[in-house]
Amino acid sequence: MDFTFTEEQRAAVEAARAVFSDVAPDRAPSPALTPGAVAEDIDRELWQELARTDLLGLTLSPDHGGAGLDPIALCLVLRESAKVLARVPLLESCAVATTVQRYAEGGLAAELLPRVATGELILTAAANGRSGHDPAELAVTARPYGEGEGEGEDSPQGGGAAADGSGWVLDGVQTAVPWARVADRIAVPAHTARGRAVLALVPRTRDGVTLEDQVSTSGELLAEVRFDAVRVEARELIETEGCWDWLRSLLTTGTCALALGLGERVLAMTAEYTGKREQFGFPVATFQAVAVQAADRYIDLRAMEATLWQAAWRLSADAGGPLPAAADVAVAKIWASDGVRRVVQTAQHLHGGFGADTDYPLHRFHAWAKQIELSLGPATAHEEALGDLLAAHPLG
């Protein structure tokens, strides 16, 4: 495999490193010491800097004010963001925007994407379904407006539906929606009466949308979002086959990039600490038991990296293979979930009691790692998905 990055992709990494160089992991209150969410808002200063350096439109075409790069470039930037625990919806907003560009009609893309690139508009995605375990598209129903209800003079025409009564109505609930309180639009997967998956771009303030606060393991504010006869215009709903599956794959692959960046930073912290901490007159890093554990975690990171770029390449190049791209995404998430968990657990062990000190940032990385491990499904869920794909596409 050739994992050589293009000049444009390397430039994106350099720009990201410059932006994130001034971000400290303890920029927000500690989740271990804060009841409830660590903050009500995203890191607005960082968000504006990302917009100023054109990183919010990284995967958007120049026609929409973007750089025209691919999901690989996005994953490279996400990797850098995780090293400082950047509190911004970079993954969600960029992934939804990229999906809109790829699948939506030109009118919706022209309306939303230039504002996403400038940071004016924030997008997020409801990808966890009702419980976090069931398929997200099954948690919300989508039916054409007027289906199953009266259309006489008393039928309401407000709330965003077209004046001629066309459009869709959404009912259901999505849990643990990241950044929902600050997002302008939420990408909501839903299913029609025929079982088809569709994707609606719903304004957060639309009539019938209600949010209940939830708090993530990392201390960030999530929301349970309920849809009670929410009306959306026909142009706000993407019916193209495969749209939701592609967005889910991109979100999952981006989560793997976050896991890799976080794991690399944690292993570097561990190497620095064990290189300075002495016992019996020697740095503990020179002890065989310590070195072997660190080496095992390095191997985890390299496996996480290889599977991540394979998945990102499949999405970027639309490349074929013996299995669908979803299989490569599943493999990447299996390694990311298990790998990042092992990395932070070993780091805590090798740091000893110092790793539990809330004045030291390791506990923050541990909390974020647990959140990333389970986001969009733990390793076991993706192992099951991979098994289903193998059964449906026998090899050899």
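Scan the stretch 312-345 for residues that are over 17 Å from residue 372 (Cα atoms) and out of contact with any Phe, Trp or Tyr (no Cβ under 9 Å at 6 or more places or on another chain) and the total you get is 12. Open to solvent by less than 30 Å² (accessible area, probe 1.4 Å) and touching a strand residue (DSSP E or B) at 6+ places or on another chain (Cβ under 6 Å): is that true of residue 257 in this structure? For residue 257, the condition - open to solvent by less than 30 Å² (accessible area, probe 1.4 Å) and touching a strand residue (DSSP E or B) at 6+ places or on another chain (Cβ under 6 Å) - is not met. Scan 250, 260, 323 and give me the residue that is touching a Pro at 6+ places or on another chain (Cβ under 8 Å), touching a residue at least 40 places away in the same chain (Cβ under 8 Å) and of a type outside the set (Gly, Ala, Ser). Checking each option against the conditions leaves just 250.
Residues in the stretch 337-365 that are closer than 17 Å to residue 259 by Cβ and open to solvent by 50 Å² or more (accessible area, probe 1.4 Å): 341, 342, 345. Here residue 95 clears all of (1) within 15 Å of residue 16 (Cβ to Cβ); (2) under 13 Å from the mean Cα position of the chain (by Cα) except the condition numbered (1). Under the condition of being open to solvent by less than 10 Å² (accessible area, probe 1.4 Å) and closer than 19 Å to residue 241 by Cβ, the residues counted in the stretch 116-143 number 4. Screening residue 391 with (1) more than 22 Å from residue 92 (Cβ to Cβ); (2) open to solvent by 30 Å² or more (accessible area, probe 1.4 Å); (3) in contact (Cβ under 8 Å) with a residue 60 or more places away in the chain; (4) not charged (D, E, K, R) gives one miss only, at (3).
Within the stretch 370-388, the set of residues being surrounded by 14 or more Cβ atoms within 10 Å (Cβ to Cβ) and either among the acidic types (Asp, Glu) or not in a loop (DSSP other than H, G, I, E, B) (or both) comprises 370, 371, 372, 373, 374, 379, 381, 382, 383, 385, 386.
Would you confirm whether any residue within the stretch 317-329 is under 20 Å from residue 285 (Cα atoms), of a type outside the set (A, V, I, L, M) and at pLDDT 95 or above? Within the stretch 317-329, none of the residues are under 20 Å from residue 285 (Cα atoms), of a type outside the set (A, V, I, L, M) and at pLDDT 95 or above. Residues that are surrounded by fewer than 20 Cβ atoms within 10 Å (Cβ to Cβ) and within 16 Å of residue 242 (Cα to Cα) within the stretch 88-115 comprise 102, 103, 105, listed in sequence order. Of the helices (runs of 4 or more DSSP H) lying entirely inside the stretch 49-126, those containing at least 1 residues that are polar (S, T, N, Q) and free of Cβ contacts under 8 Å to residues at least 60 places away in the same chain are 90-103.
Could you check, for the stretch 14-27, whether at least one of its residues is in a helix (DSSP H, G or I) and more than 26 Å from residue 266 (Cβ to Cβ)? Looking for residues that are in a helix (DSSP H, G or I) and more than 26 Å from residue 266 (Cβ to Cβ), one finds none in the stretch 14-27, hence no.
Table: residues versus (1) at pLDDT 95 or above; (2) closer than 15 Å to residue 138 by Cα; (3) surrounded by 17 or more Cβ atoms within 10 Å (Cβ to Cβ); (4) in contact with a Lys or Arg (Cβ under 7 Å, 6 or more places away or on another chain).
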| residue | (1), (2), (3), (4) |
| --- | --- |
| 197 | yes, yes, yes, no |
| 202 | yes, no, yes, yes |
| 213 | yes, no, no, no |
| 231 | yes, no, yes, no |
| 244 | yes, yes, yes, no |
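Looking at the stretch 186-205 only, could you name the residues that are part of a strand (DSSP E or B) and farther than 13 Å from residue 227 by Cα? 191, 197, 198, 199 - these are the residues of the stretch 186-205 that are part of a strand (DSSP E or B) and farther than 13 Å from residue 227 by Cα. Just one residue in the set 51, 39 is surrounded by fewer than 24 Cβ atoms within 10 Å (Cβ to Cβ), among the aliphatic types (A, V, I, L, M), at pLDDT 95 or above and in contact with a Lys or Arg (Cβ under 8 Å, 6 or more places away or on another chain); that residue is 39. Scanning for something in contact with a Pro (Cβ under 8 Å, 6 or more places away or on another chain), closer than 28 Å to residue 275 by Cα, part of a helix (DSSP H, G or I) and modelled with pLDDT of 95 or more, does the stretch 333-356 turn up at least one residue? For the stretch 333-356, residues in contact with a Pro (Cβ under 8 Å, 6 or more places away or on another chain), closer than 28 Å to residue 275 by Cα, part of a helix (DSSP H, G or I) and modelled with pLDDT of 95 or more: present. Exactly one residue out of 232, 225, 173 is hydrophobic (A, V, I, L, M, F, W, C), under 22 Å from residue 371 (Cα atoms) and in contact with a Leu (Cβ under 7 Å, 6 or more places away or on another chain): that is 225. Selection of the stretch 180-191 for residues being open to solvent by 30 Å² or more (accessible area, probe 1.4 Å), closer than 12 Å to residue 122 by Cα and either among the basic types (Lys, Arg) or in contact with an Asp or Glu (Cβ under 6 Å, 6 or more places away or on another chain) (or both) yields only 181.
The values are calculated or read from the model by the stated rules, or taken from the named source; none is laboratory data. Because the structure is predicted, anything quoted here is derived from the model rather than measured. Here the Cβ is made from the backbone with ideal geometry for all residues, glycine too, and neighbour counts use every protein chain on show. With ligands, DNA and RNA removed, areas are computed over all heavy atoms of the protein, side chains included. Shrake-Rupley method; radii C 1.70, N 1.55, O 1.52, S 1.80 Å.
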